[in-house]
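The values are calculated or read from the model by the stated rules, or taken from the named source; none is laboratory data. None of the values given here were measured: they were computed from a predicted structure. With ideal geometry, Cβ positions are generated from the backbone for all residues, glycine too; neighbour counts draw on all protein chains shown. Accessible surface areas use protein heavy atoms only, side chains included; no ligands, DNA or RNA. Shrake-Rupley method; radii C 1.70, N 1.55, O 1.52, S 1.80 Å.
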There are 2 protein chains.
Amino acid sequence: MSSKRILLSHGSGGVETTSILEELILKKLSEKLIKVPGGYGLDVMDDSAAIPLSDGSFIVVSIDSYTVNPIVFPGGDLGVLAASGTINDVLMMGGRPIAVLDAIVVEEGFPLDSLESIVSSMLGVLGKLGIPLIGGDFKVMPRGQLDKVIITTAGIGIAEKPIVDTELRIGDKIIVTGTIGDHGATIMALQQGIEISSSGLKSDVKPLTDLMLPLLEKYRDYIHAARDPTRGGLAMLLNDWAKSTGALIIVDEEKIPVREPVRVYSEMLGIDPLALASEGVAVLGVDPDAADEILEFIKYKLGYEDASIIGEVRSHEKYKGLVVLETVSGSYRVLDPPRGELVPRIC
Amino acid sequence: MSSKRILLSHGSGGVETTSILEELILKKLSEKLIKVPGGYGLDVMDDSAAIPLSDGSFIVVSIDSYTVNPIVFPGGDLGVLAASGTINDVLMMGGRPIAVLDAIVVEEGFPLDSLESIVSSMLGVLGKLGIPLIGGDFKVMPRGQLDKVIITTAGIGIAEKPIVDTELRIGDKIIVTGTIGDHGATIMALQQGIEISSSGLKSDVKPLTDLMLPLLEKYRDYIHAARDPTRGGLAMLLNDWAKSTGALIIVDEEKIPVREPVRVYSEMLGIDPLALASEGVAVLGVDPDAADEILEFIKYKLGYEDASIIGEVRSHEKYKGLVVLETVSGSYRVLDPPRGELVPRIC
């Protein structure tokens with residue numbers, strides 16, 4: 001393997017990311033070293049890890065490095081993303097976020113006011129939610145050795161009962177809580193140099209506390225899986241779920257909410273919106289008996305009016321571990337996990 | 001401040017780092033947002049934060065981004081550093097490390113075998129100590145946008161009683177557990193292009209579990225402060241302690257263990273070894289009545305034979321919050337906190 005090199009696709013959150021993590025990390029570790037006794041570690045490959053506490057609850061922990069380019073975009077910036085993304089990972093594991101830590105690496109010569117603006121955005125998200133920043137790191141790399149700035153955040157939460165996506169069951173309904181691909185389409189168009197100011201394209205980045213905390217309080221036992229469709233988009237997320245349960249996930253394309261500008265730009269960019277990142281959307285696998293009630297609650301009590309039941313988990317003799325899309329035209333096609341580089345520095 | 005830019009010195013771990021963190025972060029946050037109720041957050045500016053649990057113990061959490069250049073050096077590499085540095089931060093807070101998370105950002109085109117070697121080093125440290133890797137992230141930045149690779153690690157530990165350095169007291173003795181500046185001198189010489197293969201220069205990077213866990217078990221109540229002298233070295237660490245206690249710290253230069261090659265190269269590079277980073281040394285503030293016994297234990301039971309009592313904390317009417325060095329020649333001088341850029345990407 002001496003001549004192999006890292007490709008952009010290794011970081012796209014699709015098939016190649018899964019395989020390099022397998023090769024670099026998972027294959028190298030004994031089972032003992034990826035598991036948390038009584039909790040959930042790398043063995044479940046979920047949004048966060050969960051460590052059991054003596055009182056029966058769990059500490060939920062997550063880490064992500066945010067490299068998005070451009071660092072400021074319609075709807076947000078690197079700071080909002082770094083705070084929201086990590087808070088959302090804690091929430092998707094069923095955790096109530098209680099603290100965040102940050103590690104900033106910045107290029108020498110970077111304008112201090114730009115950095116201040118991004119950091120203020122990050123602190124603004126935390127401040128609004130009352131989540132303290134309890135620790136951090138700050139490094140500078142010499143000019144030319146880093147493009148602008150990377151912020152890594154770690155999120156800490158408490159979960160009474162973590163949501164582990166392997167608990168998704170046959171029959172469960174799949175709910176998405178908002179429109180798909182807004183963040184990805186926005187960043188991608190900007191990276192391609194497409195003028196988007198009057199397009200209506202806008203990142204959906206936001207912390208999902210106002211969605212997930214009420215849901216956890218009221219419907220925790222009916223929610224079997226939760227994840228946010230960031231890198232790799234809805235396509236990767238559903239494929240991960242299909243693979244881990246060994247079931248068939250069938251999705252009705254017509255039910256997947258996609259905003260018109262995202263649809264337009266995806267076509268222009270030649271990309272499936274289902275493979276584009278969202279940063280303010282949750283995908284839930286819920287008990288079929290409670291699905292309609294939960295959807296109503298999400299739409300009308302919590303104000304996520306684009307929420308939709310898009311499909312369900314089925315057992316199938318032949319199509320095990322696959323995602324099948326019933327297209328608008330009524331035909332069926334397998335929705336493959338994304339492959340290739342899509343777009344670098346999306347988050 | 002619109003024309004100000006980030007300087008290398010902002011990341012050197014000295015005076016300028018303190019001031020930019022003050023400006024960017026601490027000034028922006030209300031007290032509520034840096035404190036952990038019943039625990040320790042950014043308000044104590046320690047190696048880790050500590051969150052209280054219902055059983056009376058604490059979760060200790062730390063984060064650091066490792067950017068060291070070169071990524072492989074005598075005595076270690078980026079992977080060993082990323083695992084050890086974060087484990088040590090947890091230990092210095094009195095925590096027993098129980099898990100690590102990592103976030104890798106790598107440049108497109110980076111050789112896969114080099115990355116594999118670094119990641120294996122990191123996993124090797126964890127494996128040897130039986131500390132699981134429970135979560136992570138992996139991103140790729142396009143060619144030319146990042147020099148090689150950055151690894152950010154978050155460490156999680158459990159502390160019965162966190163070591164908070166503000167508890168350093170008048171009369172306490174200061175112990176260093178090994179020679180000072182080995183890591184910093186090695187990296188600095190390499191960055192200057194100095195040939196060091198036969199110099200004896202070698203990074204001291206290592207996890208300090210075999211030092212701190214026995215010490216915590218046997219002498220926890222006598223240890224009032226613990227920190228590792230990484231960026232900014234012993235000089236910054238002691239100044240931080242002097243400032244936070246408002247006391248005078250007096251240090252006997254002759255008692256500070258510095259290896260001969262470090263002394264030689266420091267002179268050649270025109271730098272004070274006391275400002276150079278160590279990555280396998282702890283500095284402890286201990287009860288004076290137990291200091292000699294603890295030193296014996298560290299030297300002869302734990303095998304840290306270079307350990308030394310280098311000074312003590314005194315009250316002083318005039319020299320409040322200062323560090324004074326009694327030099328080898330018998331004169332006294334104030335040891336200022338490091339200022340300026342020293343060396344970028346030291347850790």
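Can you confirm whether residue B:175 is open to solvent by less than 10 Å² (accessible area, probe 1.4 Å) and over 23 Å from residue B:80 (Cβ atoms)? It is true that residue B:175 is open to solvent by less than 10 Å² (accessible area, probe 1.4 Å) and over 23 Å from residue B:80 (Cβ atoms). Here residue B:37 meets the list (1) modelled with pLDDT of 95 or more; (2) over 16 Å from residue B:126 (Cβ atoms) almost entirely, failing just condition (1).
The rows are residues; the columns are (1) at pLDDT 95 or above; (2) outside any helix (DSSP H, G or I).
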{"residue": "B:251", "(1), (2)": "yes, yes"}
{"residue": "B:258", "(1), (2)": "yes, yes"}
{"residue": "B:263", "(1), (2)": "yes, no"}
{"residue": "B:268", "(1), (2)": "no, no"}
{"residue": "B:279", "(1), (2)": "yes, yes"}
{"residue": "B:284", "(1), (2)": "yes, yes"}
{"residue": "B:289", "(1), (2)": "yes, no"}
{"residue": "B:295", "(1), (2)": "yes, no"}
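Restricting attention to region B:212-223, the residues being open to solvent by 10 Å² or more (accessible area, probe 1.4 Å) and assigned to a strand (DSSP E or B) number 0.
Just to be sure before I move on: is residue A:13 more than 8 Å from every other protein chain (Cβ to nearest Cβ), on the phi > 0 side of the Ramachandran plot, surrounded by 20 or more Cβ atoms within 10 Å (Cβ to Cβ) and not hydrophobic (A, V, I, L, M, F, W, C) in the structure I sent? Outline the logic, then answer.
Numbers: more than 8 Å from every other protein chain (Cβ to nearest Cβ): yes; on the phi > 0 side of the Ramachandran plot: yes; surrounded by 20 or more Cβ atoms within 10 Å (Cβ to Cβ): yes; not hydrophobic (A, V, I, L, M, F, W, C): yes.
It is true that residue A:13 is more than 8 Å from every other protein chain (Cβ to nearest Cβ), on the phi > 0 side of the Ramachandran plot, surrounded by 20 or more Cβ atoms within 10 Å (Cβ to Cβ) and not hydrophobic (A, V, I, L, M, F, W, C).
Report, by residue number, each residue of region A:101-120 that is part of a helix (DSSP H, G or I) and open to solvent by less than 30 Å² (accessible area, probe 1.4 Å). Outline the logic, then answer.
First, pick out the residues of region A:101-120 that are part of a helix (DSSP H, G or I): A:112-120.
Result: A:112, A:115, A:118, A:119.
Checked against (1) assigned to a helix (DSSP H, G or I); (2) within 7 Å of chain A (Cβ to nearest Cβ), residue B:35 passes all but condition (1).
Can you report the number of residues in region B:263-284 which are more than 15 Å from residue B:342 (Cα to Cα) and surrounded by 22 or more Cβ atoms within 10 Å (Cβ to Cβ)? Steps first, answer last, please.
Step one: of region B:263-284, the residues more than 15 Å from residue B:342 (Cα to Cα) are B:263-264, B:279-284.
If we keep only those that are surrounded by 22 or more Cβ atoms within 10 Å (Cβ to Cβ) as well, we get B:279-284.
Counting residues in region B:263-284 that are more than 15 Å from residue B:342 (Cα to Cα) and surrounded by 22 or more Cβ atoms within 10 Å (Cβ to Cβ) gives 6.
Taking residue A:169 as the residue in question, decide whether it is in contact with a strand residue (DSSP E or B) (Cβ under 7 Å, 6 or more places away or on another chain), open to solvent by 30 Å² or more (accessible area, probe 1.4 Å) and under 22 Å from residue B:105 (Cβ atoms). The answer is no for residue A:169. There is at least one residue in region B:123-143 that is surrounded by fewer than 20 Cβ atoms within 10 Å (Cβ to Cβ), within 7 Å of another protein chain (Cβ to nearest Cβ), part of a helix (DSSP H, G or I) and over 21 Å from the mean Cα position of the chain (by Cα).
The residues of region A:318-347 that are part of a loop (DSSP other than H, G, I, E, B) and without any contact (Cβ under 8 Å) to a residue 24 or more places away in the chain, listed by number, are A:318, A:329, A:330, A:331.
In region B:63-79, the condition of being touching an Asp or Glu at 6+ places or on another chain (Cβ under 8 Å), surrounded by fewer than 16 Cβ atoms within 10 Å (Cβ to Cβ) and outside the structural domain of residue B:231 (by TED's automatic domain parsing) is met by no residue. Can we say residue A:24 is crowded, with 23+ Cβ neighbours inside 10 Å and not acidic (Asp, Glu)? Considered against the rule, which asks whether it is crowded, with 23+ Cβ neighbours inside 10 Å and not acidic (Asp, Glu), residue A:24 comes out as no. Just one of (1) open to solvent by 20 Å² or more (accessible area, probe 1.4 Å); (2) at the interface with another protein chain (Cβ under 10 Å from one of its Cβ atoms); (3) assigned to a helix (DSSP H, G or I) fails for residue A:55. It is (3).
Out of the residues in region B:154-202 meeting the condition of being assigned to a loop (DSSP other than H, G, I, E, B), modelled with pLDDT of 95 or more and among the hydrophobic types (A, V, I, L, M, F, W, C), tell me which one is nearest to the chain's Cα centre (by Cα). Step through it out loud before you land on a result.
First pass over region B:154-202, keeping only residues assigned to a loop (DSSP other than H, G, I, E, B): B:160-164, B:168-172, B:177-181, B:192-202.
Subsequent filtering for residues that are modelled with pLDDT of 95 or more retains B:160-164, B:168-172, B:177-181, B:201-202.
Retained after the next criterion (residues that are among the hydrophobic types (A, V, I, L, M, F, W, C)): B:163-164, B:168, B:170, B:180, B:201.
Working: B:163: 15, B:164: 15, B:168: 17, B:170: 23, B:180: 11, B:201: 19 Å.
Only one residue tops the list, namely B:180.
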